[in-house]
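Below is one structure, written out as structure tokens; comments come after it.
The values are calculated or read from the model by the stated rules, or taken from the named source; none is laboratory data. A quick note: this is a predicted structure, and the numbers were derived from the prediction, not measured. Cβ placement follows ideal geometry from the backbone for every residue including glycine, while neighbour counts extend to all protein chains displayed. Accessible surface is based on the protein model in full, side chains and every heavy atom, while ligands, DNA and RNA are left aside. Shrake-Rupley method; radii C 1.70, N 1.55, O 1.52, S 1.80 Å.
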Amino acid sequence: MSHQMNQNDFIALIQENRGIIHKVTHLYCTQEEDKEDLFQEIVIQLWKSYGKFRGDAKFSTWMYRIAINTAITSIRKTSRTIRTVSTEVIPVEIQLEQYDKEKEAQLYQLYTAIKELNEIERSIVMLYLDDRSYDEMEEILGINQNNLRVKMNRIKDKLRKITNNN
């Protein structure tokens, strides 16, 4: 029963915070198929780690950490391997929902510019745009606040140059 309750809690938390996963998949993938694969991989990693979540941080902070690390690890893999996971251990009620196409079109230019940044810079921008505090960003990324502020200023300059050249 407690496993079922944990699974139900997990599903509710994922549904409530699924926008985080969408943001990560949109920043690190361009093809719909890759976004779907990364979405599923992030959910798998969240489910595998869910038992270790103690509530020391906010769920969304913990979720960002897992999602970003999963995305970066996925990108850095040079060879694709086929992995199978038993569907009995993954809650199937979590479905990939598509972003509103109109909203996606509005964000296209921003995402295009952000995709020219490196992996860590993308993560910083995403967290910044999601109104995460520098405390939370430090906790998620493991980069101290002073370095984050310096990096953010440099990123803003880079994005200005990228968007002015287009």
Exercise for the section: Could you please let me know if ILE75 is assigned to a helix (DSSP H, G or I) and surrounded by fewer than 16 Cβ atoms within 10 Å (Cβ to Cβ)? Expected result: yes
Exercise for the section: May I ask you to list the residues in the stretch 52-62 that are under 11 Å from the mean Cα position of the chain (by Cα) and either surrounded by fewer than 19 Cβ atoms within 10 Å (Cβ to Cβ) or in contact (Cβ under 8 Å) with a residue 24 or more places away in the chain (or both)? Expected result: SER60, THR61
Practice task
Please give the number of the condition ARG122 fails out of (1) of a type outside the set (A, V, I, L, M); (2) more than 19 Å from GLN31 (Cβ to Cβ); (3) modelled with pLDDT of 90 or more; (4) open to solvent by less than 60 Å² (accessible area, probe 1.4 Å).
Solution key: (2)
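Counting only residues that are among the acidic types (Asp, Glu) and modelled with pLDDT of 90 or more, which one in the stretch 34-51 is least open to solvent (accessible area, probe 1.4 Å)? So that I can check it myself, show each step before the final result.
As a first pass, look at the stretch 34-51 and keep what is among the acidic types (Asp, Glu): 34, 36-37, 41.
Filter again for modelled with pLDDT of 90 or more, leaving 36-37, 41.
On the way: GLU36: 69, ASP37: 77, GLU41: 37 Å².
The selected residue is GLU41.
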Handout entry: Subset tally (residues that are at pLDDT below 90 and either over 17 Å from the mean Cα position of the chain (by Cα) or part of a helix (DSSP H, G or I) (or both)) for the stretch 129-153
Key = 1
Fill in the blank from the handout: A careful count of residues in the stretch 103-119 that are open to solvent by 40 Å² or more (accessible area, probe 1.4 Å), more than 23 Å from ARG18 (Cβ to Cβ) and not in a helix (DSSP H, G or I) gives 2
Practice task
Would you please list the contacts, defined by Cβ atoms under 7 Å and residues six or more apart or on different chains, that run from a residue in the stretch 143-166 that is of a type in the set (Val, Ile, Thr) to a residue that is surrounded by 12 or more Cβ atoms within 10 Å (Cβ to Cβ)?
Solution key: ILE155/LEU117; ILE155/GLU121; ILE155/ILE124; ILE155/VAL125; ILE162/ALA113; ILE162/GLU116; THR163/ALA113
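So, in the stretch 26-62, exactly how many residues are within 18 Å of GLU121 (Cα to Cα) and either in contact with a Pro (Cβ under 6 Å, 6 or more places away or on another chain) or part of a helix (DSSP H, G or I) (or both)? Spell out how you get there, then give the answer.
Applying the first criterion (within 18 Å of GLU121 (Cα to Cα)) to the stretch 26-62 yields 26-30, 61.
Going one step further and asking which of them are either in contact with a Pro (Cβ under 6 Å, 6 or more places away or on another chain) or part of a helix (DSSP H, G or I) (or both), we end up with 26-28, 61.
The total comes to 4.
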